Amino acid sequence: YWYGKNPAASLFGTGPSYGMSSQEVMGWMEYGGGRKLYDETLAKVGFDYVGFFHMPMPAQPFGWFKKNVTKVSDVKGMKYRTVGLATNVLTAMGMVVRQLPGGEIQPAMKTGLIEAAEFNNPTSDSQFGMQDVSKHYHLGSFHQSQEMFEIPVNKKTFNSLSPANQAILKNAAYAANSDNYFKALVRYSADLAKLMNEHKVNVYQTSDEILAQQLKGWDKVIGDFNKKDAFFKKVVNSQKSYAKRVMKYLLMNQPNYKLAYENEFGPIGKVKI
């Protein structure tokens, strides 16, 4: 949300994927040089705090639509809500993007100010009542595929703490990574089932055609910012360097878990939960 103060801020959680999920971006933060770059970003905008990232989140859904969308032409010209660098990415796809606070999304869909929107996850989306204005929910998207939360601590207060207490704060955030992620999977899946079964929401996986166009949008947006912002480019290059090595190992080593799921339960799109 402070993307407007420094576009590089969006690279720490809502940037291009390069194959990474939020889990791997947090690895880059702690062991790939991201922490130092984030501290530089804070200094550039004058924020005097220490930030602890926690709760790596699953990819955000592409969102809520008035119909099933499968082609880029289906969303071209569509009035859509998102925030951060994703506004540039989806604008590059031909969508008409509006940045709205979370509480204004559902009313805007209801009145026609926007035709489609994303917010965050099945739990938060259902709490905002998105199921009352749309019955078409598209999961999986590269517009915000690696988000996480942050615990900000005033720098003066943090520096006044003993090294032991500073370590407690840091490790508490680490513990929250696992606990919150585990809880999120339970809550999000339960609320997705409720949306499908009680509210008769149609759930889809975003098409490869749309995902591929999102990646092209990212290429354009990152290229444009790299040309005019040396620090932005520095952060991007650090992420790409980390992703190139780490994700080659991870993606080649991980089996296709979807195959195992469908071997037991059948085609994923038809599974009733």
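The values are calculated or read from the model by the stated rules, or taken from the named source; none is laboratory data. The structure displayed is predicted, hence computed values, not measured ones. Cβ placement follows ideal geometry from the backbone for every residue including glycine, while neighbour counts extend to all protein chains displayed.
Is it the case that segment 97-117 has a residue that's buried (at least 18 other Cβ atoms within 10 Å of the Cβ) and under 15 Å from the mean Cα position of the chain (by Cα)?
Among the residues of segment 97-117, at least one is buried (at least 18 other Cβ atoms within 10 Å of the Cβ) and under 15 Å from the mean Cα position of the chain (by Cα), which makes the answer yes.
May I ask you to say which residue of GLN239, GLN213 is under 29 Å from GLU30 (Cβ atoms), touching a residue at least 60 places away in the same chain (Cβ under 8 Å) and part of a helix (DSSP H, G or I)?
On the way: GLN213 fails: under 29 Å from GLU30 (Cβ atoms).
None of the others qualify; the one that does is GLN239.
Let's see how each residue does on (1) out of contact with any His (no Cβ under 6 Å at 6 or more places or on another chain); (2) among the polar types (S, T, N, Q); (3) at pLDDT below 95; (4) over 21 Å from ASN6 (Cβ atoms):
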site: PHE232; (1), (2), (3), (4): yes, no, no, no
site: ASN237; (1), (2), (3), (4): yes, yes, no, no
site: TYR242; (1), (2), (3), (4): yes, no, no, no
site: LEU250; (1), (2), (3), (4): yes, no, no, yes
site: ASN253; (1), (2), (3), (4): yes, yes, no, yes
site: ALA260; (1), (2), (3), (4): yes, no, no, yes
site: PHE265; (1), (2), (3), (4): yes, no, no, yes
site: ILE273; (1), (2), (3), (4): yes, no, no, yes
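I'd like to know if segment 77-99 contains one or more residues that are within 29 Å of ARG35 (Cβ to Cβ) and without any contact (Cβ under 8 Å) to a residue 40 or more places away in the chain.
yes
Hey, could you check segment 242-262 for residues that are in contact (Cβ under 8 Å) with a residue 40 or more places away in the chain and surrounded by fewer than 15 Cβ atoms within 10 Å (Cβ to Cβ) and say which is farthest from GLY34 (Cα to Cα)? Break it down stepwise before answering.
Our first condition is that a residue be in contact (Cβ under 8 Å) with a residue 40 or more places away in the chain; within segment 242-262, this holds for 242-244, 246-247, 250-251.
Narrowing the set further to residues that are surrounded by fewer than 15 Cβ atoms within 10 Å (Cβ to Cβ) leaves 244, 251.
Working: LYS244: 15, LEU251: 21 Å.
In this case the residue turns out to be LEU251.
Would you point out the residue of segment 42-86, among those that are part of a helix (DSSP H, G or I) and modelled with pLDDT under 95, that is surrounded by the fewest Cβ atoms within 10 Å (Cβ to Cβ)?
Initial filter on segment 42-86 (part of a helix (DSSP H, G or I)): 42-45, 72-75, 85-86.
Subset that is modelled with pLDDT under 95: 42-45, 85-86.
Numbers: LEU42: 19, ALA43: 10, LYS44: 13, VAL45: 12, LEU85: 24, ALA86: 27.
Applying the filter and picking the extreme gives ALA43.
Sort through LYS183, LYS170, LYS156 and tell me the only one that's touching a Phe, Trp or Tyr at 6+ places or on another chain (Cβ under 7 Å) and either under 28 Å from PHE47 (Cβ atoms) or part of a helix (DSSP H, G or I) (or both). So that I can check it myself, show each step before the final result.
Values: LYS183 fails: touching a Phe, Trp or Tyr at 6+ places or on another chain (Cβ under 7 Å); LYS156 fails: touching a Phe, Trp or Tyr at 6+ places or on another chain (Cβ under 7 Å).
Among LYS183, LYS170, LYS156, only LYS170 is touching a Phe, Trp or Tyr at 6+ places or on another chain (Cβ under 7 Å) and either under 28 Å from PHE47 (Cβ atoms) or part of a helix (DSSP H, G or I) (or both).
Here's a check for you: in segment 120-144, which residue that is surrounded by fewer than 21 Cβ atoms within 10 Å (Cβ to Cβ) and of a type in the set (A, V, I, L, M) is nearest to LYS216 (Cα to Cα)?
Applying the filter and picking the extreme gives LEU139.
Do you know which of the residues in segment 19-41 that are over 13 Å from the mean Cα position of the chain (by Cα) and hydroxyl-bearing (Ser, Thr, Tyr) is surrounded by the most Cβ atoms within 10 Å (Cβ to Cβ)?
Out of the qualifying residues, it is THR41.
Look at segment 43-63 and say how many of its residues are among the aliphatic types (A, V, I, L, M) and touching a Phe, Trp or Tyr at 6+ places or on another chain (Cβ under 7 Å).
If we filter segment 43-63 for residues that are among the aliphatic types (A, V, I, L, M), which is where we start, we get 43, 45, 50, 55, 57, 59.
Narrowing the set further to residues that are touching a Phe, Trp or Tyr at 6+ places or on another chain (Cβ under 7 Å) leaves 45, 50, 55.
Final tally of qualifying residues: 3.
Quick one: in segment 149-167, of everything that is surrounded by 12 or more Cβ atoms within 10 Å (Cβ to Cβ) and without any contact (Cβ under 8 Å) to a residue 12 or more places away in the chain, which residue is nearest to TYR38 (Cα to Cα)? Outline the logic, then answer.
Kept after step one, since they are surrounded by 12 or more Cβ atoms within 10 Å (Cβ to Cβ), are these residues of segment 149-167: 149-153, 155, 158, 161, 166.
Now drop any that are not without any contact (Cβ under 8 Å) to a residue 12 or more places away in the chain, which leaves 161, 166.
Working: LEU161: 21, GLN166: 18 Å.
That would be GLN166.
Of the residues that make up segment 62-82, is at least one within 30 Å of ILE168 (Cα to Cα) and under 17 Å from the mean Cα position of the chain (by Cα)?
Within segment 62-82, the subset within 30 Å of ILE168 (Cα to Cα) is none.
Among the residues of segment 62-82, not one is within 30 Å of ILE168 (Cα to Cα) and under 17 Å from the mean Cα position of the chain (by Cα), which makes the answer no.
Any residue in segment 139-148 that is in a helix (DSSP H, G or I) and touching a residue at least 24 places away in the same chain (Cβ under 8 Å)? Spell out the reasoning first.
Within segment 139-148, the first condition is being in a helix (DSSP H, G or I), and the residues that meet it are none.
Looking for residues that are in a helix (DSSP H, G or I) and touching a residue at least 24 places away in the same chain (Cβ under 8 Å), one finds none in segment 139-148, hence no.
Restricting segment 20-46 to residues that are hydrophobic (A, V, I, L, M, F, W, C) and in contact with a strand residue (DSSP E or B) (Cβ under 8 Å, 6 or more places away or on another chain), which is farthest from TYR137 (Cα to Cα)? Reasoning before the result, please.
Filtering segment 20-46 for residues hydrophobic (A, V, I, L, M, F, W, C) gives 20, 25-26, 28-29, 37, 42-43, 45.
Checking which are in contact with a strand residue (DSSP E or B) (Cβ under 8 Å, 6 or more places away or on another chain) leaves us with 25-26, 29, 42.
Working: VAL25: 26, MET26: 28, MET29: 31, LEU42: 35 Å.
Within segment 20-46, the match that is farthest from TYR137 (Cα to Cα) is LEU42.
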